[in-house]
Amino acid sequence: MEIGKQIKHHRTELGFSQEEFADKIFVTRQTVSNWENDKNYPDINSLVLMAEVFGVSLDSLVKGDIEKMQEEIKKEDIEYFNKANRRLTLAFVWDFFMLVPMLKLFGIWGAVIFGIVFILGFIEAVKVEKRKKELDIQTYKEIDAFVEGKRLDEIEKEREKAKRPYQKILLAMGCAVAAFLLTYLMAVIFKLEI
């Protein structure tokens, strides 16, 4: 982070010791030392006080850090989507293949276990949808572009927005048909009465 260098530069330029500077912005000398050594980051109140003491704008004080913070946030979001994708895939595979075997092997308890996994998968899917809305990415193409660090241009973005309702309906219908066919196949294999 650049903020530590910025603080030290401005502080020494004004001739303040860490203790004198700390008194001016109402923190301890150790806090200033931690900032200057990039051990932690100042809160917004401290940043505003520093900008006033140094006689600089807040933007110039944190310049360079904003891009790094955005990178970190983006990296965090990408990691979130990758982990969520693994959890959803696991839940989907479980739901897709295990209903009939669980019923056959464990009876009603198999249905309970299956239901718990289904609910957990559903909760994860809701969380992913909420995160996608926060980041304004909805379609697969938008998510793919986001994960690769790209943004869609405005025309592509509008096209993707137009596709959203149809994609969700087709996906739901496709999953329903696939689930029905697989359940029927599993029932035949396990010789359950339908």
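Just so it is clear, none of the values below were taken in a lab; they were calculated from the coordinates. Predicted, not measured: the structure shown is a model, and the values here were computed from it. Glycine gets a Cβ as well: all are built from the backbone with ideal geometry, and neighbour counts include every protein chain shown.
A few comments on the model shown:
- For the range 114-124, backbone phi angles converted through the Karplus equation (6.51, -1.76, 1.60; θ = phi - 60°) give residue-by-residue couplings of 4, x, 5, 5, 4, 5, 4, x, 5, 4, 4 Hz, Gly and Pro being listed as x.
- 10 Å beta-carbon shell around residue 29, net charge (K/R +1, D/E -1): -3
- For the range 48-57, putting each phi into the Karplus relation 6.51 cos²θ - 1.76 cosθ + 1.60 with θ = phi - 60° gives couplings of 5, 4, 4, 4, 5, 4, 6, x, 10, 6 Hz, in residue order, rounded to whole numbers and with x for Gly and Pro.
- Relative packing of 2-12, 178-188, which averages over residues the other C-beta atoms within 10 Å, highest first: 2-12, 178-188
- In the structure shown, the pairs 39/127; 83/132; 75/127; 104/127 are assessed against 24 Å; a Cα-Cα span above that value is assigned to 39/127; 104/127.
- Put in order of Cβ neighbour count within 10 Å, fewest first, the listed residues 16, 92 become 92, 16.
- Potential lengthening of the chain between residue 130 and residue 178 amounts to 14.7 nm, from the contour at 0.36 nm per residue minus the alpha-carbon distance.
- Counting Lys and Arg as +1 and Asp and Glu as -1 over every other residue whose Cβ lies under 15 Å from the Cβ of residue 49, the net charge comes to -2.
- Ranking of 191, 132, 83 by neighbouring Cβ atoms within 10 Å, starting from the fewest: 191, 83, 132.
- Treating r as the C-beta distance of residue 41 and residue 82 and R0 as 22 Å, the FRET efficiency rounds to 0.30.
- Length added when fully stretched, residue 190-residue 89, from 0.36 nm per residue minus Cα-Cα: 33.9 nm
- Karplus-derived 3J(HN,Hα) values for the range 172-178, using 6.51 cos²θ - 1.76 cosθ + 1.60 with θ = phi - 60°, are 4, 5, x, 5, 5, 5, 4 Hz; glycine and proline are entered as x.
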